[in-house]
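J.: Here it is, the structure, as C-alpha cells.
The values are calculated or read from the model by the stated rules, or taken from the named source; none is laboratory data. Note that the structure is a prediction, hence the values are computed from the model and not measured. So basically every Cβ, Gly included, is an ideal-geometry build from the backbone, and we count neighbours across all protein chains shown.
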Amino acid sequence: MTQDLPGFDLEHYVPYQFSVISAQLSANLAALYRDRFGISVAEWRILVNLAYSDSRTVRDIQQRVRLDKAKVSRAVVQLESRGLLTKEIDGTDRRLLHLELTDAGRQMVCELVPLANKFQDQVAQKLSLDIADLQSQLAHLMKELSDGETL
C-alpha cells in the first residue's frame, strides 16, 4: 500500500522535528518551574515577557506568547491572585488591560531566569553546532513567520 505513496521520512522532516523537540523541551522546563514555583507554561511566558519586553497589555502579551486569549486571561488572573502582577484598565480604551509585574513578580523572574538559562545551556551541550548561530537563524525564521511571510 505504501508503494503508491511518495517517499517521505517523518522522523527527518524538520517541521515535525521542531514540533516534537519543542513540546518535549517545554514539558521538561514546565515541570521544573511548576514543581519549584507552582506556575504554568502560560504564566511563565507572561512573567518573562512582562519582564523583558515592551508588551504591557493583555493583547500584546497574547500575540507575543502565541497563546489563545482564554489561556492568557486565566494565567493573568492566577498571577494577579498570587500578587505577581497588577492589571489596570486603559483610560481611553476600556477593552485594554495593562499589566505590570509587582516586586514579588520581579523576584520570581530573578529566580526563574537562571534556571531557564541553565536549562538552555544543557540543551546547547547536546547540540554539536554553534548555539549563537542556531539562535540567530531561528530568530530570523521566527521574525519572517511572525511578519506573515510564507516559506
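J.: Can you pull out the residues in segment 20-40 that are small (G, A, S) and part of a helix (DSSP H, G or I)?
T.: Scanning segment 20-40 gives S22, A23, S26, A27, A30, A31.
J.: Is there a residue in segment 68-76 that is surrounded by 12 or more Cβ atoms within 10 Å (Cβ to Cβ), in contact with an Asp or Glu (Cβ under 7 Å, 6 or more places away or on another chain) and either among the aliphatic types (A, V, I, L, M) or over 22 Å from T102 (Cα atoms) (or both)? Break it down stepwise before answering.
T.: First pass over segment 68-76, keeping only residues surrounded by 12 or more Cβ atoms within 10 Å (Cβ to Cβ): 71-76.
Keeping just the survivors that are in contact with an Asp or Glu (Cβ under 7 Å, 6 or more places away or on another chain) gives 75.
The next check asks that each one be either among the aliphatic types (A, V, I, L, M) or over 22 Å from T102 (Cα atoms) (or both); those that pass are 75.
There is at least one residue in segment 68-76 that is surrounded by 12 or more Cβ atoms within 10 Å (Cβ to Cβ), in contact with an Asp or Glu (Cβ under 7 Å, 6 or more places away or on another chain) and either among the aliphatic types (A, V, I, L, M) or over 22 Å from T102 (Cα atoms) (or both).
J.: Exactly one of (1) surrounded by fewer than 12 Cβ atoms within 10 Å (Cβ to Cβ); (2) modelled with pLDDT of 95 or more; (3) on the phi < 0 side of the Ramachandran plot is unmet by G38. Its number?
T.: All conditions are met except number (3).
J.: Only residues in segment 67-79 that are farther than 12 Å from S40 by Cβ count as the first member; pair them with residues that are of a type outside the set (A, V, I, L, M, F, W, C), Cβ under 8 angstrom, at least 6 apart or cross-chain, and list the lot.
T.: These pairs meet every condition: D68/Q62; K69/Q62.
J.: Filtering segment 57-85 down to residues that are polar (S, T, N, Q) and modelled with pLDDT of 95 or more, which residue is farthest from S146 (Cα to Cα)?
T.: The extreme case among them is S81.
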